[in-house]
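First comes the structure, then the notes that go with it.
Nothing in this text is a laboratory measurement; each read-out follows from the coordinates by a stated rule. Quick caveat, the model's predicted, so the values are computed rather than measured. All Cβ positions, glycine included, derive from the backbone under ideal geometry; neighbour counts span all protein chains shown.
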Amino acid sequence: MISIALLGFGTVGSGFYEILKREEEKIEEKINDKVSIKYILVNDLSKNREQISSDTIVTDSFEKIIADENIDIIIELIGGETPALDYIKRSLSAEKIVITANKLLVANYFKELIKLAEKNKTHIFFEASTGGGIPVINMVEDYLAGDKINELHGILNGTTNYILSVMEKETVSMPETIKKAQALGYAEQDPSSDLGGLDALYKIVILANLAFSCAVNPEDIYCKGIKGITSYDIMYAEELGYKIKLIAAAKREDSGLRIFVSPFLIKKDDDFASTVGADNSLEIKSENLNHLFLKGPGAGKFPTGNAVIFDLIKASRFLLGDYKKSRSKKFNNIKINRKSDFKQSFYIRLQIEKNDSIIKNIKSMFDESNLADMILKDGSSDTPLLPLIILTRKISIQKIEKFMEYVENINGVLTINNIIPLKE
Ligand code: NAP
Ligand code: HSE
């Protein structure tokens, strides 16, 4: 009998539990042992959780769980740093196998948690931390173990992809769509982690750590989310033949690794353009496979619950001795190249007073620096204000931001609303 303690019974915890109950016989046959959820740890004991069977102890005391020597596997699905980090560390120190969906902790404490697991001859599994229902961790860590990965990039946050997809179809504000994403269980407890790009950043850091055997510090990475993007940007991008997507990328370069998270304008026929709703997609470029594209549900109760079941099967094999070692102890020191060195084209939206001489001034500034390919103006509105759209030639983010500071000082230029790179 494999004894489990489940920490957290929210979107993912309840999804995992319901799948386990529904497919119990098949899963136990696969594991070749019985599985028992002995404890479920929650915050609020007064909530109705009638689906939990009577032989499971629902508690708000982690102390009770950690004191039980018969627990084999602890599944952390609380989220956030406190108290989850403490619970994971104490579980590993007590030689329990840990399964977690907590990308914040895996990304920020990658080396520490893996070393702690090794020191205690146990293991930490985190398939559900990245890619929702798509087995991207397994793909990078095990399936491509004999390959050399050169690049990973993709859409790794379901909430922002859902928000951008809804805003493409309906004229709704971002706050309204955030509420919908929360109701569907996609968003983090603090949705600013999704919107600000941090959630995607944690996921690309985890994938890069596995792909390039390193332990990247998330704080070293350029990260920009979708906070300032409005229906106007989506509409103008559409007119130019683009969609807006939040892309996370990690690429091996001669001098180190380039990792970043940023919204991009991508061509409508780009593979990533068809990733809609809360779906995620990941493109892996490697020596053996050359090119691999994965797409599927990136968040939600059952897709993520399914990833936890997958880890449970792996964890059970580890427990039964079939799977004693899978993670390398080596962490290469790799230089992180700054995103600002990289040249790309940009979409720029600015708001100006409706006056042809202002447009002429801006145009000549761009022409003198040979910076812009195209300037579009939307003169359809009757207001005295005019949105102006500029597509630049290739330049670094640092240089274009500096240049736009000068543009902002031109008389009649009211605001620089957005500067978004174009995906090649
Ligand atoms: P959630 O719905 O907010 O559920 C959190 C659960 O943890 C709740 O059952 C809550 O108890 C419990 N909890 C909170 N604080 C606690 C504390 N101090 N002590 C004990 N229990 C506590 O979160 P979720 O969406 O399932 O996410 C869980 C984890 O999975 C996070 O790390 C998240 O990033 C990750 N994840 C989520 C998704 C997704 O689609 N949602 C996908 C992939 C990964 P109560 O029920 O009593 O409030
Ligand atoms: N908040 C996360 C997302 C959950 O929207 O992608 C899945 O990791």
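Side notes on the structure shown:
- Here the chain yields Rg over Rh of 1.03, to two decimals, using C-alpha coordinates and the Kirkwood radius.
- The residues packed around Leu105, meaning those with a beta-carbon under 9 Å from its beta-carbon, carry a net charge of -1 if Lys and Arg are +1 and Asp and Glu are -1.
- Most mobile of Ile259, Ile375, Ile163 in a GNM of the chain (Cα contacts under 10 Å): Ile375
- Most mobile of Lys377, Lys96, Lys295 in a GNM of the chain (Cα contacts under 10 Å): Lys377
- Coupling constants for segment 149-164 follow from the phi torsions by the Karplus curve (6.51 cos²θ - 1.76 cosθ + 1.60, θ = phi - 60°), and in residue order they are 7, 9, 7, 10, 8, x, 9, 10, 10, x, 4, 5, 5, 5, 4, 5 Hz; glycine and proline get x.
- Near Asn280, the amide H atoms lying under 5 Å from its own belong to Gly296, Gly298; only residues 5 or more places off or on other chains count, and H is placed 1.01 Å from N.
- Neighbourhood net charge (10 Å Cβ-Cβ; Lys/Arg +1, Asp/Glu -1) for Gly225: 0
- For segment 243-258 versus segment 71-110, the inter-centroid distance based on Cα atoms is 28 Å.
- Segment 184-330: Cα Rg divided by the 2.2 N^0.38 Å rule of thumb: 1.20
- Here the Gaussian network model covers the chain, with springs between Cα atoms less than 10 Å apart; of Asn209, Asn150, Asn32, Asn32 fluctuates the most.
- Out-of-range pairs (alpha-carbon distance over 24 Å; input Lys115/Lys301; Lys179/Lys314; Lys267/Lys394): Lys115/Lys301; Lys179/Lys314
- Inter-probe distance in nm under a simple model that places probes 7 Å from Cα toward Cβ, at Asp68 and Ser54: 1.8
- Under the Debye formula (equal points on every Cα, no solvent term), log10 I(q)/I(0) of segment 105-210 at q = 0.10, 0.21, 0.22 Å⁻¹: -0.36, -1.13, -1.19
- Cα long-axis angle, helix 198-211 against the chain (0 to 90 degrees, to the nearest 10): 70
- Model label sites at Glu405 and Ser364, defined 7 Å from Cα along the beta-carbon direction, differ in position by 2.4 nm.
- The angle separating the long axis of helix 110-119 from the principal Cα axis of greatest extent in the chain is about 20 degrees.
- Against the chain, whose longest principal axis comes from its Cα atoms, helix 397-408 is set at around 40 degrees.
- If you look at the Cα atoms of segment 1-140, you get an Rg and a Dmax of 14.5, 41 Å.
- With contributions of -39500 (n - 2.57) from each DSSP H run of at least four residues, the per-residue ellipticity at 222 nm computed over the chain stands at -10000 deg cm²/dmol.
- Percentage, to the nearest whole number, of Cα pairs in segment 342-421 over 16 Å apart: 45
- Residue separation of Asp271 and Gln189 scaled by 0.36 nm, minus their Cα-Cα distance, works out to 26.5 nm of gained length.
- Under 14 Å, Cβ to Cβ, from Ser357 - net charge with Lys/Arg +1 and Asp/Glu -1: +2
- Given R0 = 51 Å, the distance between the Cβ atoms of Lys121 and Glu238 translates into a calculated FRET efficiency of 0.40.
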